[in-house]
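**Student:** Here it is, the structure in full.
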């Protein structure tokens, strides 16, 4: 494959600012690039549904052989605003200059899809129908894929290129996630004059958290309380505390059990001190799980071996567009995309991994 062409294209992508809800410039470029490859390209209305300036890109290319219809997916948005990314190449690795993220998450995936398909078409590789989906707003809750109309897709299996780690890693399972929103309502009073007349929402929250099991629950399950807000002055018994958290598990029954545990911890503490609780639980995305004999896993293993790498099946603790697409009926797995330290200024990818990821796309056709 054209290593220099792949690297140049990746560097071009990372210099395009594309934070969540502001993917317009990148979307316009990718639409042009896909059309140059012969794809029929459309942009859906997901952007209007999330108050963004671009929608998901959906592209289709007819096959030239009786082979499965394959979907490739990656997301266009980055985890934070990234104006002025300055990529640096050093000893075969690509970094930013240390002041921003690199945005290999997920522009490495986008680069590989375009470059892998470009190489295959140039060499006349036989392939079935190809579908490409580049989503928006993945980093802020998978909002692009959640608003994707899968009735427009005919793929028999899909490969999302959006996992950190070496190329060859095959994500065979990923957790479902629930998000929690608690409002603990106590009673205000003067903290120095008549504290007995108040009910401290802070104390209720503290007792609830002390009795709550979170962190690493087991090998399939995690939980966390990540946001706590409340109080306005030290001389007022706080009458309102708000907490936000999450639970994840690759086992739906365990997720339900952990969800009930966290809710009960808050309710029990509120009852003990005479406070009130309002709460909401939102299901963020479903779990998925494939065993090693699943057709999609066997297909991925053969492709990885074809490019001379060792397949490594692994579970994930995070969600991706693969969770949503599986939930909507398209068998999908996430794939190791060669980048490391995502969401940080230390993010990097080796040129070798970038090229191997493009080779993998070509092998999956």
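Read-outs throughout are calculated quantities, based only on the coordinates presented, and are distinct from any laboratory measurement. Computed from a prediction, not measured in an experiment: that's the story for all the values here. Note that we place each Cβ from the backbone using ideal geometry, even for glycine, and neighbour counts take in every protein chain shown.
**Student:** To the nearest 10 degrees, how steep is helix 201-210 against the longest Cα principal axis of the chain, on a 0 to 90 scale?
**Tutor:** 60
**Student:** Springs between alpha-carbon pairs under 10 angstrom, Gaussian network model over the chain: which of 46, 314, 108 fluctuates most?
**Tutor:** Of 46, 314, 108, the Gaussian network model singles out 314 as fluctuating most.
**Student:** Turning to a different aspect of this structure: If each residue of separation counts as 0.36 nm, what is the full-extension length gain between residue 97 and residue 210 once their alpha-carbon separation is subtracted?
**Tutor:** Full-extension gain reported as 36.4 nm.
**Student:** Find the all-direction average of the projected area of the Cα convex hull for segment 47-112, expressing the result in square nanometres with one decimal place. Intermediate values should be presented prior to the final figure.
**Tutor:** Numbers: hull surface 28.7 nm².
Projected over every direction and averaged, the Cα hull of segment 47-112 covers 7.2 nm².
**Student:** Follow-up. Treat each spin label as a single point 7 Å out from the Cα along the C-beta direction, and report the residue 219 to residue 88 distance in nm.
**Tutor:** Here the answer is 4.0 nm between the modelled labels.
**Student:** Now, a different point. Please give the helix 104-123 orientation as an angle from the longest Cα principal axis of the chain, in degrees from 0 to 90, rounded to the nearest 10.
**Tutor:** 20
**Student:** Just need the relative contact order of the chain here, percent rounded to a whole number, with Cα pairs under 8 Å and 6+ apart. Can you show the working numbers first?
**Tutor:** Working: 877 pairs, mean separation 86.6, N = 365.
24 percent.
**Student:** Considering the convex hull of the alpha carbon atoms of the chain, report its projected area averaged over all viewing directions, in nm², one decimal. Don't skip to the answer; put the middle values down first.
**Tutor:** Values: hull surface 79.6 nm².
The directionally averaged projection comes out at 19.9 nm².
**Student:** Taking the beta-carbon count within 10 Å as an exposure proxy, list 20, 284, 232 from fewest neighbours to most.
**Tutor:** Numbers: 20 22, 284 17, 232 10.
Fewest-to-most Cβ neighbours within 10 Å comes out as 232, 284, 20.
**Student:** Follow-up question, since we're still on this one. Would you mind computing, in nm to one decimal, how far apart the modelled labels at residue 278 and residue 125 are, each placed 7 Å from Cα along Cα→Cβ?
**Tutor:** 5.4
**Student:** Round to the nearest 10 and give me the degree value, 0 to 90, for the angle of helix 3-14's Cα axis relative to the longest principal axis of the chain.
**Tutor:** 30
**Student:** Starting from the exponent 0.38 and prefactor 2.2 Å, build the expected Rg for segment 176-282 from its residue count and divide its actual Cα Rg by it. Provide the component values of the computation, followed by the final result.
**Tutor:** Working: Rg = 14.9 Å, N = 107, 2.2 N^0.38 = 13.0 Å.
Normalised Cα radius of gyration, segment 176-282: 1.15.
**Student:** Cut-off 10 angstrom, C-alpha nodes, Gaussian network model of the chain. Which of 218, 28, 162 fluctuates the most?
**Tutor:** Maximum fluctuation in the GNM of the chain, among the listed residues, is at 218.
**Student:** Right, next: Please give the direction-averaged projected area of the C-alpha convex hull for segment 109-151, in square nanometres with one decimal. Can you show the working numbers first?
**Tutor:** Details: hull surface 15.1 nm².
Average of the hull's projected areas for segment 109-151 equals 3.8 nm².
**Student:** Show that you can apply the helix-only estimate: for the chain, add -39,500 (n - 2.57) for every DSSP H stretch of four or more residues, divide by all residues, and state [θ] at 222 nm to the nearest 500. Don't jump to the answer; show the numbers that get you there.
**Tutor:** Details: 10 runs with 118 residues, N = 365.
Rounded to the nearest 500, the figure is -10000 deg cm²/dmol.
**Student:** Sticking with this structure for a sec: Which order results if 281, 113, 355 are arranged by neighbouring Cβ count within 10 Å, fewest first?
**Tutor:** Working: 281 15, 113 25, 355 22.
With the fewest neighbours first, 281, 113, 355 line up as 281, 355, 113.
**Student:** If you don't mind, another one. Roughly how far apart, in whole Å, are the Cα centres of segment 146-201 and segment 268-290?
**Tutor:** Segment 146-201 and segment 268-290 have Cα centres separated by 11 Å.
**Student:** How many nm separate the modelled label positions at residue 28 and residue 271, each set 7 Å beyond the Cα in the direction of the Cβ?
**Tutor:** 5.9
**Student:** At a Förster distance of 25 Å, what's the computed FRET efficiency of residue 252 paired with residue 183, Cβ-Cβ distance as r, to 0.05? Spell out each step's value before the answer.
**Tutor:** Values: r = 27 Å, r/R0 = 1.07.
Given R0 = 25 Å and the Cβ-Cβ separation, E is 0.40.
**Student:** Which whole-number percentage describes the relative contact order of segment 176-282, with Cα contacts under 8 Å and a sequence gap of 6 or more? Mind showing how you got there, number by number?
**Tutor:** Numbers: 232 pairs, mean separation 44.5, N = 107.
The value is 42 percent.
**Student:** Need the C-alpha centroid separation for segment 11-89 versus segment 97-112, integer Å.
**Tutor:** Value for the Cα centre distance between the two parts: 14 Å.
**Student:** While we're on this one: Give me the Kirkwood hydrodynamic radius of segment 305-358, using the inverse of the mean 1/r over all pairs of distinct Cα atoms, in Å to one decimal.
**Tutor:** On the way: mean 1/r = 0.0753 Å⁻¹.
Computed over Cα pairs of segment 305-358, the Kirkwood hydrodynamic radius comes out at 13.3 Å.
**Student:** While we're here: Please arrange 118, 24 by how many other C-beta atoms lie within 10 Å of their C-beta, fewest to most. Provide the component values of the computation, followed by the final result.
**Tutor:** Details: 118 21, 24 18.
By the 10 Å Cβ count, ascending: 24, 118.
**Student:** May I ask you to derive the FRET efficiency for residue 40 and residue 2 from their Cβ-Cβ distance with R0 = 35 Å, giving the value to the nearest 0.05? Present the calculation step by step, with values, prior to reporting the outcome.
**Tutor:** Values: r = 25 Å, r/R0 = 0.72.
It comes to 0.90.
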